Amino acid sequence: MLTVGLTGGIGAGKSAVASRLTDHGAVVIDADQLARDVVAVGTDGLAEVVAAFGHDVLAADGSLDRPALGALVFADPAARSRLEGIVHPRVRRRTAEATAAAPADAIVVNDVPLLVETGLAATYHLVVVVSAAEQVRVERLTRDRGMSRDAALSRIRAQADDARRAAAADVLLSNDGSRDDLAAAVDRLWHDRLVPYAANLHAGRPADRDPVAVLASPDPTWPAQYERIAARLRHALGADRRIDHVGSTSVPGLPAKDIIDVQLTVDSLDDADGYAPALAAAGFPRRPGDWSDSPKPDPGGVVSARRWPKRLHANADPGRAVNLHVRVAGSPGWRYALAFRDHLRADERERADYLAVKQRIAATAPTTREYAAAKEPWFEAAWPRLRRWIEETGWQP
């Protein structure tokens, strides 16, 4: 099932987004509510909190006195960490239970205020961050929750800052405008991205892509987008897997098709096939067919292999095109992808030459396959230059 992490700073409007998604049919799991449940009267969570912080954190009726506990931990990082060590594992268990109970084709939204702070972003297929300017949030907190301005600012600044949350966001919903504006943005997100993403994930198929190759201006967020993709892949396969950003979007300043190309290193193609179910569950199903890279000749001009085989996966998310190339460590195609990237990064003239070819071909509005095929003569001509650069620099992958 599709899992979405929803977060945002206090006063940003995350609850309004969660409510709208519930109206659309999402299964929303409220981490704040679970955090209250796991320390309710009679729970072992409450008993552990009392053992750690004393009976002064209890109200007269035996329930948790949240303001008293907050006063103890808010300005004390060690105490806050101790409290999180009690509450967070229990919340994670309850979240897993609620997720497992949802229908297989559900869209499950985890409403987690501290999603970024607790490092959970990579555990979701998609992270949605609700943002609002600090002054707007202060006004909401003073108006709606009765906080003083200083208290509101303290609460805001105790959380992750806007830049850190934005770096974790696959979708950034601005809530500086009206409620209607926010509702319309959530509606578009639901219909245009979440519903088709969930359908693709459930069916085990990549998202449909525009068949026409279009060059986009360099996007300074491409590296950060790659990092989020890589983090999800490592979460799915293990932290020790080598994953690299390759292709044109990995070269700073180079216009490219808006597709993040990623290379996953494996020990064998049998291993690649073994990873396929985990990759599909993580949102990267395998593309059908027999995929390979065009082989390049050896220094004597002889092509010693008919093809350089690989596995190709792609993203099920219609909002972010990803090609995941699964290649064997040390294989010719694996080395070429890394060397070509590094050569373009290092050689401005080579980069400019490649860009001119890309622009000339893209101007004819080719399909993606036509675009790739039309670049092959340039790759063949550039291969001796790349090989010479490797020898002169002593490049290693």
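Residue selection: Gly70 fails the criterion of being among the small types (Gly, Ala, Ser) and in contact with a Lys or Arg (Cβ under 8 Å, 6 or more places away or on another chain). If you go through the range 146-196 and keep only what is in contact (Cβ under 8 Å) with a residue 24 or more places away in the chain, basic (Lys, Arg) and open to solvent by 70 Å² or more (accessible area, probe 1.4 Å), you end up with Arg155, Arg164, Arg179. For the structure I just gave you, tell me whether Gly204 is over 20 Å from Lys375 (Cα atoms) and of a type in the set (Gly, Ala, Ser). Here the answer is yes, as Gly204 does meet what is asked. Taking the range 254-272 as the range and being open to solvent by 60 Å² or more (accessible area, probe 1.4 Å) and either in a loop (DSSP other than H, G, I, E, B) or under 27 Å from Ala373 (Cβ atoms) (or both) as the test, the residues that pass are Asp258, Asp267.
Residues that are at negative phi, in contact (Cβ under 8 Å) with a residue 40 or more places away in the chain, outside any loop (DSSP other than H, G, I, E, B) and small (Gly, Ala, Ser) do occur in the range 204-218. The residue list Val41, Val50, Val17 contains one member that is β-branched (Val, Ile, Thr), closer than 22 Å to Ala152 by Cβ and not in a strand (DSSP E or B), which is Val17.
Just one of the listed residues (Arg341, Arg369) is modelled with pLDDT under 95 and under 30 Å from Leu126 (Cα atoms), namely Arg369.
Quick one: would you say Asp317 is open to solvent by less than 40 Å² (accessible area, probe 1.4 Å), of a type in the set (D, E, K, R) and either in a helix (DSSP H, G or I) or closer than 22 Å to Thr367 by Cβ (or both)? Yes: the conditions hold for Asp317. Entry remark, the range 112-141: residues being polar (S, T, N, Q), assigned to a helix (DSSP H, G or I) and buried (at least 16 other Cβ atoms within 10 Å of the Cβ) number 1 in total.
The set of residues in the range 338-397 that are aromatic (Phe, Trp, Tyr) and assigned to a helix (DSSP H, G or I) comprises Phe340, Tyr354, Tyr371, Trp378, Phe379, Trp383, Trp389.
The values are calculated or read from the model by the stated rules, or taken from the named source; none is laboratory data. What you see is a predicted model, and the numbers here were worked out from it, not measured in a lab. Positions of Cβ are backbone-derived with ideal geometry, glycine not excepted, and every protein chain shown enters the neighbour counts. Note: accessible area is taken over every heavy atom of the protein model, side chains too, but ligands, DNA and RNA are not part of it. Shrake-Rupley method; radii C 1.70, N 1.55, O 1.52, S 1.80 Å.
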